[in-house]
1. Just to be sure, is residue 630 in a helix (DSSP H, G or I) and within 12 Å of residue 496 (Cα to Cα)?
2. I need every pair where a residue in segment 659-673 that is assigned by TED's automatic domain parsing to the domain that holds residue 630 and farther than 16 Å from residue 638 by Cα has its Cβ under 9 Å from the Cβ of a residue that is modelled with pLDDT of 90 or more and assigned to a helix (DSSP H, G or I), sequence separation at least 6 or different chains.
3. Any residue in segment 565-581 that is at positive phi, in a loop (DSSP other than H, G, I, E, B) and modelled with pLDDT under 95?
4. Check 282, 266, 304, 246 and return the single one that is buried (at least 23 other Cβ atoms within 10 Å of the Cβ), outside the structural domain of residue 20 (by TED's automatic domain parsing) and either farther than 30 Å from residue 6 by Cα or in contact with a strand residue (DSSP E or B) (Cβ under 7 Å, 6 or more places away or on another chain) (or both).
5. Can you name every residue in segment 89-144 that is outside any loop (DSSP other than H, G, I, E, B), under 26 Å from residue 63 (Cβ atoms) and without any contact (Cβ under 8 Å) to a residue 24 or more places away in the chain?
6. Let me confirm something: among 271, 295, 290, which residue is over 18 Å from residue 135 (Cα atoms), surrounded by fewer than 21 Cβ atoms within 10 Å (Cβ to Cβ), in contact (Cβ under 8 Å) with a residue 40 or more places away in the chain and assigned by TED's automatic domain parsing to the domain that holds residue 340?
7. Looking at 447, 418, 412, which is the one that is under 30 Å from residue 610 (Cα atoms) and either over 31 Å from the mean Cα position of the chain (by Cα) or surrounded by 17 or more Cβ atoms within 10 Å (Cβ to Cβ) (or both)?
């Protein structure tokens, strides 16, 4: 069992790899320096030197200057930082900074030697003309200086020099008494509260004389500078990208192709930033870091934007913001991963493989997820990640290894099963890999997990993978102790024998269970007994959690407290959503007419005997949510035995291409109404 993945850097020039490692060490030094350092003296000169070091490294990596010149500038900057820090090496945190600087210097020295041995290359070339993005993002190249971090260091604690009062030795008791009184008066004056002044305000400035001239006098605001205009435009574009990142996934009832409208808005915003030039890119990092709220959507936005601009320094902006945000919100790695799965950056593999060697398992999980999603990972890297000592990493890698049809998947799954189970270990990645690879004993393992942690996920995977016996087992568990997750799994399993038990649960006292039973019936039968249900606005959008019910009478709404009683706003109108009816009588009328069309022991989907092409039709034409569409893809893999890359997170045009390939595959087999799985 390996603790770390050995990234494959075989396609990366050695000098580039050394520069990548140097900037990683420099980043670590800057993090320590800008942390809770409590220095004894001013460290701003060290921070400035590190910033120059970043500029030199990125100039060399991105060829904004002759590469040797950039490396030499970085070496000189690091040497200056080491000289500044040398007197304080007894400080434990500054010792860490010095160690990181030493490693960075060695990597830069190696890169300098490798570059010096290469033939002389041409100087930097101008960036090509910008081209608008269509349907998918385009990699923009903009002539600009290298982007570098703004390293802020803690100021040293102020030193106060206390000068004792000049007290001459008294020569008499009267002189001693006078000196004591003087000292007491001085001490009392220091302790006395400061005067608050007279309490009068200074006179207001004289108002400007409004000269009523004949004609129109427009009230024109003062002109803003060009830089302020750029900053305002960048903020608008940034907020647009952040909004689209939250809204791309279709909600219940929305056609998934409608997301292309939002995608085009996002691409237009990124193109606008490219058109604004270097000043716009230089504004991004301060814009995010200076925001009062560390919203994860901002991590997506900065990753999406910088991933569309050439240069290692652009990706480094997203990296630094992610490292800053994850201190308070570790889950923001999902937002960064969502962005990096979509961007066209040419240095993304190098950056991700650097994270793949990180000691932090969250960074390794992020790296292997994006590399495998983009098809950039090697089988050896996947195998090592699937056997990582941390299940956070192996749980991400195992499903990708199964989809790669690697022969190592069996050993990887068995190795994961042999490991002791930690309290917080999540087994959903292993379960998914088991159904995607057809692992031996999968139904029994999933059935045993239904009543444990993540039991609903186990039930859902069993519904996608299992046979008639497993469908009966799910139904029995549901009848013994119904819960929404189990009911959804019964609907996905699709046994005709489940229709009447599901109809009986429509009368359940718990409305959530009754609604889940109605949705399961709709998925199984396609009866389309749809009703419009009123939903309060507060139940749809609730940015602030409601106060807990502690038995007290709720107070009046804030809007009625602060509004003029003569002009109160109207009560908010209710919203309506469409969902299957929970009226059992309506279902019984339908069942009397359709009962003969359903046979116990056969599998149905939307009223038709199940074949894999039905999953494809729903994936293509249905109004399913993102998790449902992902489950439909897993079902296609399980029931056809084929793998065609697809993910509902992709841009719409990419999904269209994947679905076209699936159409050629999904028509090949399947016994209508049977739980057929091709042999592995």
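The values are calculated or read from the model by the stated rules, or taken from the named source; none is laboratory data. Everything numeric in this text was worked out from a predicted model, so none of it was measured. Cβ coordinates were reconstructed from backbone atoms using ideal geometry, including for glycine residues, and neighbour counts include every protein chain displayed.
1. Working: in a helix (DSSP H, G or I): yes; within 12 Å of residue 496 (Cα to Cα): no.
Criteria not met by residue 630.
2. Matching pairs, first to second residue: 659/616; 659/619; 659/620.
3. Our first condition is that a residue be at positive phi; within segment 565-581, this holds for none.
Within segment 565-581, none of the residues are at positive phi, in a loop (DSSP other than H, G, I, E, B) and modelled with pLDDT under 95.
4. Details: 282 fails: buried (at least 23 other Cβ atoms within 10 Å of the Cβ); 304 fails: either farther than 30 Å from residue 6 by Cα or in contact with a strand residue (DSSP E or B) (Cβ under 7 Å, 6 or more places away or on another chain) (or both); 246 fails: buried (at least 23 other Cβ atoms within 10 Å of the Cβ).
None of the others qualify; the one that does is 266.
5. Matches in segment 89-144: 106, 113.
6. Only one candidate qualifies: 295.
7. Working: 418 fails: under 30 Å from residue 610 (Cα atoms); 412 fails: under 30 Å from residue 610 (Cα atoms).
So the residue among 447, 418, 412 that is under 30 Å from residue 610 (Cα atoms) and either over 31 Å from the mean Cα position of the chain (by Cα) or surrounded by 17 or more Cβ atoms within 10 Å (Cβ to Cβ) (or both) is 447.
The rows are residues; the columns are (1) more than 18 Å from residue 88 (Cβ to Cβ); (2) modelled with pLDDT under 95; (3) assigned to a loop (DSSP other than H, G, I, E, B).
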{"residue": "6", "(1), (2), (3)": "yes, yes, yes"}
{"residue": "24", "(1), (2), (3)": "yes, no, no"}
{"residue": "27", "(1), (2), (3)": "yes, no, no"}
{"residue": "35", "(1), (2), (3)": "no, yes, yes"}
{"residue": "39", "(1), (2), (3)": "no, yes, yes"}
{"residue": "57", "(1), (2), (3)": "yes, no, no"}
